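Visitor: Before I ask anything, here is the structure I am working with.
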Amino acid sequence: MSFWSYSIFFAVIALTLYITYWAAKQTRTASEFYTAGGSLTGWQNGMAIAGDYLSAASFLGIAGAISLNGFDGFYYSVGWLTAYLVVLFLIAEPLRNLGKYTMADMIGSRFGAKKVRGAAALNTITIVLFYMLAQLVGAGALIKLLFGIEYWISVLIVGVMMLVYVLFGGMTATSWVQIIKAILLMVGTIVISFLVLMKFNFNFVGMFDVMRTATVHGESYLHSGVVYKDPIGLISVLLALVLGTAGLPHILMRFFTVKDAKTARSSVVYAVWIIGIFYVMTIFLGFGAAKFVGRDAIIAENSAGNMAAPMLAGVLGGDPLESFVAAVAFATILAVVAGLVLSGASAIAHDIYAEIIKKGKVTEKQQVFAARMAAIGVSFVSILLALGSEKLNVAFLVSLAFCIAASANVPTILFTIYWRKFNTTGAVASMLTGLITALVLVAVSPNIINPVEGAAFFVGEPLFPFVNPAIISIPAGFIAAVVGTYIGAKRHEAAEVAYAEVRFKAETGYRGAEG
Amino acid sequence: MTVKMKKADTPDNRKGKLITDGQLDYERLIETDEFKQLVKKKKHFFRPYVIAFFAIYLMLPILTGYTSILEARAIGWMTWTWVYAFGMFVMVWVLTQIYVKKARSFDKDVEQLLGKHVRK
């Protein structure tokens, strides 16, 4: 650890803390706390979406996966980018038109029943916890490697930092930390990509020729199939990737930080360009690490390949560049966990406490207080879980979060907007079926029960063959929505808003008295 | 402003209590020609693109998983697998721009509709 590393690290931390101090002074109301008062512009929110989305899994995980497994690692880039077409075409504008603070608000705009909002909040909290666990475990490993401090202290440092951002700065601070982090991440990745290309004499096509013989996989490094030998398992993963984004609570929440659907749309467009350019560059990160760091060195540092990108930076640009990239990775994790804490806290404080327990009769002050308490609670639980999860595979946790989001949230979100007959029973059935199916199938999958000793918690034959259960759990969520709707149709559906109103507002952005 | 409740004979009426925001007669609004036109135009625009991008996306694992046609060399040693994947990036960017352009025309339709039926 050099002078460079320390100074760059503390510069990044000081910058983000200053933003929080500045943001704290303008966070008074619930709307400012949850959604920055809806005041972000299109490009600001687009950058923040990119900052929120390009998590440790994207930056550290994909670079490592491509370096070790070639094209199979690049599937993540393809899937996570294409996911934004689903968001742009089907979700972003109607969501902004109907919602206020949270995803459950949007579903609640049609179904007044407490159980609908409760189920949505439960999904949000589950997804947030899995996603957060992945980021915290990654952060712990990163700081442990860089500063040589104990894992548990690393997790505590990250945990306390994220809590500070959220607690004092709310969504304004979180958004700006994400924006700055997105800029730093793009700069770092562009510099590394340029250096890698230079090493390949700026010959993009020639790079593939070199890679054909550069790894232990030989030519199959350039093809699909190094990891995903079973096509059905691969399709299952790709379904979770492409549909999951549209159900991630912390990404959906970002659409409430802008003033209207037009701005929500323009922020997705900015995000698509930034995220797309980033994912193209993951090829250079991955190829570069495989060629210039080498498989053995990458695996020696971290068996999942998570340290490939910082190590590549070190090889190409020496200590300063490695420190910069590590600091960016750290800022990445902080920005993402802060966004996650905020969406978890809003599900507890806004959906469960304010809307279900207090039936919407809370003052601004109580709302903000409840949100801050919930943020402390979410942070505390996730830190505790992370302390016991050092050995868990980070990529598996993130793909599980995507799978739950795709199975439990996406059917309900789509049907709420587009299906006239959809009702309370269908919504609750869909959300709970998606959630439970995904969790149960994972519990009996090779992630938990594996014939290879040491690969999972139990040794044995898994009852479900695929690592990611999306291919079963997503259809289960949709089918439960339809079945629940037809069973529930015969009953009294008290407190449902007329579909005509939801449809009209979703299409036009008309907001009633306030609009 | 008059609060119009749902009529008993509308097809969607369930026996339970329906809540409205008491602002407008939404049942009438969604039956106006302008709204129907808007929804129809959107549907005609979205449907082929949504079907196309899901099909193109899912063709990738099917082609790589069940055939080896993408393993042939395309340009130098860049195989068709990579060309297909880069093609998906281009598709995402192109569809995004097409969407934005089209959405602006929908914005105008919405303005007209609100101007005629809501903000009298």
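Visitor: Net charge around A:Ala313, counting only other residues with Cβ within less than 15 Å of its Cβ (Lys, Arg = +1; Asp, Glu = -1)?
Guide: -1
Visitor: Something else: Using a 10 Å cut-off on Cβ atoms, rank the peptides A:367-379, A:11-23, A:255-267, A:324-336 from the highest mean neighbour count down.
Guide: By packing density, highest mean first, the sequence is A:324-336, A:255-267, A:367-379, A:11-23.
Visitor: Right, something else. Can you compute the FRET efficiency between B:Lys36 and A:Lys229 using 1/(1 + (r/R0)^6), with r the Cβ-Cβ distance and R0 = 51 Å? Round to the nearest 0.05.
Guide: 0.50
Visitor: Let me ask you something else. Would you kindly state how much longer the chain becomes between A:Ile487 and A:Ile183 on full extension, computed as 0.36 nm times their sequence separation minus their alpha carbon distance, in nm to one decimal?
Guide: Working it through step by step, the gained length comes to 104.4 nm.
Visitor: Cα gyration tensor of the range A:311-469, axes a ≥ b ≥ c as square roots of the eigenvalues: rounded (a/c below 1.5), prolate (a/b > b/c) or oblate?
Guide: oblate
Visitor: Cα-Cα over 31 Å: which of A:Lys229/B:Lys101; A:Lys262/B:Lys116; A:Lys359/B:Lys108?
Guide: Over 31 Å Cα-Cα: A:Lys229/B:Lys101; A:Lys359/B:Lys108.
Visitor: Determine the gain in length on full extension of the stretch A:Thr213-A:Glu150; use 0.36 nm per residue of separation and subtract their C-alpha separation, reporting nm with one decimal.
Guide: Extra length from A:Thr213 to A:Glu150 when fully extended: 18.8 nm.
Visitor: Would you mind computing, in nm to one decimal, how far apart the modelled labels at A:Leu392 and A:Ala297 are, each placed 7 Å from Cα along Cα→Cβ?
Guide: In this crude spin-label approximation the distance works out to 3.2 nm.
Visitor: Same structure, new question: Taking the Cα centre of the protein assembly as shown as origin and charging only Cβ (+1 Lys, Arg; -1 Asp, Glu), how large is the dipole, in debye to the nearest 20? Spell out each step's value before the answer.
Guide: Details: 53 positive and 37 negative charges, 502 e Å.
Dipole about the Cα centre, nearest 20: 2400 debye.
Visitor: Positive end of the dipole of the range A:335-408, charges at C-beta (+1 Lys, Arg; -1 Asp, Glu), about the Cα centre: which of A:Ser346, A:Thr363, A:Ile404 has its Cα farthest in that direction?
Guide: Positive-end residue among those listed: A:Thr363.
Visitor: Still on this structure: Count charges around A:Ala338 for me, please; just the other residues with Cβ under 15 Å from its Cβ, Lys/Arg as +1, Asp/Glu as -1.
Guide: After counting each charged neighbour, the total is +2.
Visitor: Picking from B:Met91, B:Trp77, B:Val118, whose Cα lies most toward the positive end of the charge dipole for the range B:41-120 (charges on Cβ: Lys, Arg +1; Asp, Glu -1)?
Guide: Farthest along the dipole direction, towards plus: B:Val118.
Visitor: Based solely on its DSSP helices, what 222 nm [θ] is calculated for the protein assembly as shown when runs of n ≥ 4 H residues each add -39,500 (n - 2.57) and the sum is averaged over all residues, nearest 500 deg cm²/dmol?
Guide: So the calculated ellipticity at 222 nm is -22500 deg cm²/dmol.
Visitor: Something else: Would you mind computing the Rg to Rh ratio of chain A from its alpha-carbon coordinates, Kirkwood style for Rh?
Guide: My calculation puts Rg/Rh at 0.97.
Here, each number is a calculation from the coordinates, and none is a lab measurement. Here the structure is a predicted model, which means the values were calculated and not measured. Cβ sites come from the backbone with ideal geometry, for glycine too, and all protein chains shown count toward neighbours.
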